[in-house]
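Working notes for the structure below.
The values are calculated or read from the model by the stated rules, or taken from the named source; none is laboratory data. Please read all numbers here as calculations on a predicted model, not as lab measurements. Positions of Cβ are backbone-derived with ideal geometry, glycine not excepted, and every protein chain shown enters the neighbour counts.
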């Protein structure tokens, strides 16, 4: 009933608001986790006639002539329109099949900005003072994404501006700096520039929005960390268990690529003891959503148990993902042992022959 009331309320509001000489800023700290589930239903409330973003577009006294827009906010509202999931206060997931109010809000925005000056914020409106100082290349990237996506969405020229300064710093600055997530994601993206990794890269930038509360920041950071860990396993060496019975053996190793783009990596193999010697390993190229098998030449020195540590490395020599260990059981008889065993067998055979000949001679004498 509540959502039906909002829909009826929208029907009474003019689609195109009046224009004048003020600027309307449309940005909201993110509410959607890296898994696509909203951590609350606050954004849906914000775009209703009574909400902050709703009033910005539908207030009859509005006299806007220019707009400053965060495309990250627009994309989250788009996600509301075609159905979404969110966690309620009890921690349960609630499914909303579609949210008509979001469509109305988006259509009104497209109508309102026609003929107006529009500026694009860096994607997610991150803390400029922090990001431009610690990672200017990343800040530039977020500005480009925000600009390009907003221009494409509105199908009209837009300007690029810096983040809105609200006078406070991001709560996650120190945590992101001290954690390896940003570094690992950057290395992984350099090897596999897949859309799913680009989304996580943008998610990391959105976490630096100073308007995020401490509770919200913690929930969103946890969601991102989980997704990053899951994605790091999309490029990996398949596990196996081998018993080798020959002194020279080509070990078949499978590298799996579950990303939507082809990948080329260097496969580094290192034995954990001196029982084996590993030959040269070729560069591995794997098609998107596929796997590739390479043969690793091994020379067995001694029997026993050992492991091979496998690492994937980028063209710049950076490790990608975690190392994988494959155990080997070596049941190989060395050449020296073979010669000794063969020699003893020959000696025993000759002794048996001589013994037989002696017995034959004794019988003839009798």
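So residue 209 fits all but one of (1) out of contact with any strand residue (DSSP E or B) (no Cβ under 8 Å at 6 or more places or on another chain); (2) not in a loop (DSSP other than H, G, I, E, B); what number is the exception?
So residue 209 meets the others, but not (2).
For (1) within 20 Å of residue 195 (Cα to Cα); (2) in a strand (DSSP E or B); (3) touching a strand residue (DSSP E or B) at 6+ places or on another chain (Cβ under 9 Å), each residue gets a yes or a no:
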| position | (1), (2), (3) |
| --- | --- |
| 215 | no, no, no |
| 220 | yes, no, yes |
| 227 | yes, no, no |
| 240 | no, no, yes |
| 246 | no, no, yes |
| 252 | no, yes, yes |
| 256 | yes, yes, yes |
| 261 | yes, no, no |
| 277 | no, yes, yes |
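Could you count how many residues in segment 185-200 are part of a helix (DSSP H, G or I) and surrounded by fewer than 22 Cβ atoms within 10 Å (Cβ to Cβ)?
Here is the first cut: in segment 185-200, the residues part of a helix (DSSP H, G or I) are 185-191, 195-200.
Filter again for surrounded by fewer than 22 Cβ atoms within 10 Å (Cβ to Cβ), leaving 185-187, 189-190, 195-196, 198-200.
Qualifying residue count for the region: 10.
Name the residues in segment 136-165 that are assigned to a loop (DSSP other than H, G, I, E, B) and surrounded by 13 or more Cβ atoms within 10 Å (Cβ to Cβ), would you? Before the answer, list the steps.
Within segment 136-165, the first condition is being assigned to a loop (DSSP other than H, G, I, E, B), and the residues that meet it are 155-158, 161-165.
Passing the criteria: 156, 158, 161, 162, 163, 164.
Among the candidates 273, 231, 209, single out the residue that is at pLDDT 90 or above and surrounded by 16 or more Cβ atoms within 10 Å (Cβ to Cβ).
Working: 273 fails: surrounded by 16 or more Cβ atoms within 10 Å (Cβ to Cβ); 231 fails: at pLDDT 90 or above.
Only one candidate passes the filter, namely 209.
Checking the condition surrounded by 13 or more Cβ atoms within 10 Å (Cβ to Cβ), within 16 Å of residue 191 (Cβ to Cβ) and touching a residue at least 60 places away in the same chain (Cβ under 8 Å), which residue from 311, 318 passes? Give the steps one after another, and end with the answer.
Numbers: 311 fails: touching a residue at least 60 places away in the same chain (Cβ under 8 Å).
Only one candidate qualifies: 318.
Condition check ((1) surrounded by fewer than 19 Cβ atoms within 10 Å (Cβ to Cβ); (2) assigned by TED's automatic domain parsing to the domain that holds residue 42; (3) under 30 Å from residue 300 (Cβ atoms)) across all residues:
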residue	(1), (2), (3)
213	yes, yes, no
220	no, yes, no
243	yes, no, yes
246	yes, no, yes
254	yes, no, yes
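Step by step: first the residues of segment 15-37, then only those that are at pLDDT below 90 and in contact with a strand residue (DSSP E or B) (Cβ under 9 Å, 6 or more places away or on another chain), then the one that is surrounded by the most Cβ atoms within 10 Å (Cβ to Cβ). Which residue is that?
Initial filter on segment 15-37 (at pLDDT below 90): 15-23.
Then keep just the ones that are in contact with a strand residue (DSSP E or B) (Cβ under 9 Å, 6 or more places away or on another chain); that gives 17-23.
Numbers: 17: 20, 18: 12, 19: 15, 20: 10, 21: 8, 22: 10, 23: 12.
Across segment 15-37, the extreme among qualifying residues is 17.
Looking at segment 82-105, which of the residues that are in contact with a helix residue (DSSP H, G or I) (Cβ under 7 Å, 6 or more places away or on another chain) and crowded, with 18+ Cβ neighbours inside 10 Å is farthest from residue 159 (Cα to Cα)?
By that ranking, first place goes to 99.
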